[in-house]
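Just below is one structure, and these are the notes that go with it.
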Amino acid sequence: MNDEKEMGQVVPMPRIGDQAPKFKAVTTQGDINFPDDYKGRWVILFSHPADFTPVCSSEFITFASMEQQFKDANCDLVGLSVDGLYSHIAWLRTIKEKLSYKGHTNVEVNFPLIEDITMNVAKMYGMIQPGEATTKAVRAVFFIDPKGIIRTMIYYPLSLGRNFDELYRVLQALKTADEFGVATPADWRPGDDVIVSPAGSCGTAKDRMEGKEEGVECQDWFFCSKKLDKNKVLDAIKK
Ligand code: BEZ
């Protein structure tokens, strides 16, 4: 039985497709009302276990260095840990003044970092996973769309630094799926073929298999793909 159940405080885990749980919080960039302040934009809410730790520092340097790339894709970043505001401020100042990682130096973190000393937000988002740690958030990542819906959740353990190129690829793939009504296959990147979902009616499936649906190629009735213009995909990612 998990610890929360034993203590009689079962907090439901958020799920893909749910409305992102709402909260108000204090951050290094002022107060926020989440996710309402981000309506009309994508937002990535992510947690890290603790300030002044090495893996987390390497992650912040990497994510902050990519912030403009995410902004250009209409996506804001919001960090969170169960540390307090003054710890956050001191840690981010130390990162800027003293640390470098993979050639990035003097990195300023300009996105908000939430203080969550009560762990209210961390619990609401299933970031406290007692099998891993009871006093720290795991490395969680939530992709929330412009309507405030959770579209992807990824959880990593404390020891594992995230791959931020993959997080950007997830954002690109979600936006491409929305814009073109397609799915994206394994390791998809803009410019690669996309998956056309299985046809709804027998007639359409037959047309597809016989190559009658323009631009769609089928290896079998359930495995059909098509090309998308890479520039149109890149334009859609900017929206
Ligand atoms: C780190 O960021 O280095 C870290 C944080 C918590 C546990 C283990 C590693």
Item to check | Those residues of the stretch 133-154 which are away from the ligand (no atom under 13 Å from the Cβ) and surrounded by 18 or more Cβ atoms within 10 Å (Cβ to Cβ), in sequence order | outcome: Ala140, Val141, Phe142, Phe143, Ile144, Asp145, Gly148, Ile150, Arg151, Met153
Checklist entry - Quick one: is Glu108 free of Cβ contacts under 8 Å to residues at least 40 places away in the same chain, surrounded by fewer than 20 Cβ atoms within 10 Å (Cβ to Cβ) and within 15 Å of Thr62 (Cβ to Cβ)? => result no
Checklist entry - Considering only the stretch 101-132, how many residues are among the small types (Gly, Ala, Ser) and within 16 Å of the ligand (Cβ to nearest atom)? => result 2
Checklist outcome for this item: In the stretch 111-155, anything over 14 Å from Ala50 (Cα atoms), in a loop (DSSP other than H, G, I, E, B) and in contact with a Leu (Cβ under 9 Å, 6 or more places away or on another chain) is listed as Phe111, Pro112, Tyr125, Asp145
Checklist entry - Could you say whether any residue in the stretch 2-11 is closer than 23 Å to Arg151 by Cα, in the same structural domain as Val141 (by TED's automatic domain parsing), at pLDDT 95 or above and in contact with a helix residue (DSSP H, G or I) (Cβ under 9 Å, 6 or more places away or on another chain)? => result no
Item to check | Residue under evaluation Ile16, criteria (1) within 16 Å of the ligand (Cβ to nearest atom); (2) in contact with a Lys or Arg (Cβ under 7 Å, 6 or more places away or on another chain); (3) among the hydrophobic types (A, V, I, L, M, F, W, C); (4) closer than 30 Å to Val233 by Cβ, criterion not met | outcome: (1)
Checklist entry - How many residues does the stretch 45-59 hold that are out of contact with any Cys (no Cβ under 9 Å at 6 or more places or on another chain) and either within 8 Å of the ligand (Cβ to nearest atom) or more than 18 Å from Ile32 (Cβ to Cβ) (or both)? => result 9
Next on the checklist: For a quick check of your reading of the model, give me the residue pairs whose first member lies in the stretch 43-57 and is closer than 15 Å to Leu167 by Cα and of a type in the set (S, T, N, Q), whose second is in a strand (DSSP E or B) and more than 6 Å from the ligand (Cβ to nearest atom), with beta-carbon atoms closer than 6 Å and at least 6 apart or on different chains.
Outcome noted: Ser47/Leu80; Ser47/Ala140
Checklist entry - Any idea which of Gly84, Gly30 is of a type outside the set (A, V, I, L, M, F, W, C) and over 20 Å from Lys123 (Cα atoms)? => result Gly30
Next on the checklist: Go through (1) surrounded by fewer than 19 Cβ atoms within 10 Å (Cβ to Cβ); (2) touching a residue at least 40 places away in the same chain (Cβ under 8 Å) for Ile117 and report which single condition fails.
Outcome noted: (2)
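The values are calculated or read from the model by the stated rules, or taken from the named source; none is laboratory data. Everything numeric in this text was worked out from a predicted model, so none of it was measured. In this analysis, Cβ positions are derived from the backbone assuming ideal geometry, glycine residues included, and neighbour counts consider all displayed protein chains.
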